[in-house]
Amino acid sequence: MNNPAAPISGANGKPRLGRYAQAAAVSCCVALAANACTGTPSHGDDESSRTDVFVTAYTWFDNTPPGSTVISHPVLHKEAGGQGTYADPVTIAVGHSRKTGEDVLDVPAGTRIYLPNVRRYFIVEDTCGDGPKPEEGPCHTGAGKYGDATLWMDMWIGGKGEPQSFVRNCARKATGVTTAIFNPKDSYPVAAGQGIIHDGNCDTGYGSKVAGP
């Protein structure tokens, strides 16, 4: 299990944080909205856009435990994955706090998010930051070190079977402060291919502006 106090070097040379895999994958329904637990789509009714989100990337070799696709708050998937469409969004991890005795995510599990820079939809299904006090780790508190960012999210990029050097380089390309749309409508453009790394390609770099009519 990765320790935020001694993170793995990763995206853009910045610390890589492990995700905290809870025993028996405790139910996301604890302290979360009911429709988040069921994955019920909002179809953009409560859509909001932020430009202050620091996005990094993780994959199988720097997950917790290493070499796995384990996630802490499964909603649509039993393990990290997803194509990136509205119906099958990619897993994304967020910071969390256990200060109150409960595991409270910075963004509720089941929340859909659209990232224009990779032209894919995501769903919060994992947490970033290990140990008994993840609220003291960079994912929960460290976004402000990167420009005007106030929120840190860590997206799953896959890449199983690809050289680690290729996957790390893709993570660097995908890292940065960018636009994120929360509770998005289901009609934003989606890039072709299964996930961020697919068919030997690192599919990122579309920019923060939302494409389309």
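Read the figures in this text as sums done on the coordinates, not as results from a lab. Computed from a predicted model, the values in this text were never measured in an experiment. Don't worry about glycine lacking a Cβ; one is built from the backbone with ideal geometry, like all the others, and counts go over all protein chains shown.
Things to note:
- Gained length - Arg50 relative to Thr150, 0.36 nm times residue gap less alpha-carbon distance: 35.0 nm
- With a Förster radius of 25 Å applied to the beta-carbon distance between Asn183 and Ala87, the computed FRET efficiency rounds to 0.95.
- Out-of-range pairs (alpha-carbon distance over 22 Å; input Lys173/Lys209; Lys99/Lys185; Lys145/Lys185): Lys99/Lys185; Lys145/Lys185
- Gyration tensor verdict on region 54-133 (Cα atoms; rounded if a/c is under 1.5, prolate if a/b is larger than b/c, oblate otherwise): prolate
- The modelled label-to-label distance between Ala192 and Arg98, using points 7 Å beyond Cα along the C-beta direction, is 4.5 nm.
- For region 83-213, the Cα-based Rg and Dmax, in that order, read 14.9, 47 Å.
- Computed lengthening from Gln164 to Glu79, 0.36 nm per intervening residue step minus Cα-Cα distance: 28.6 nm
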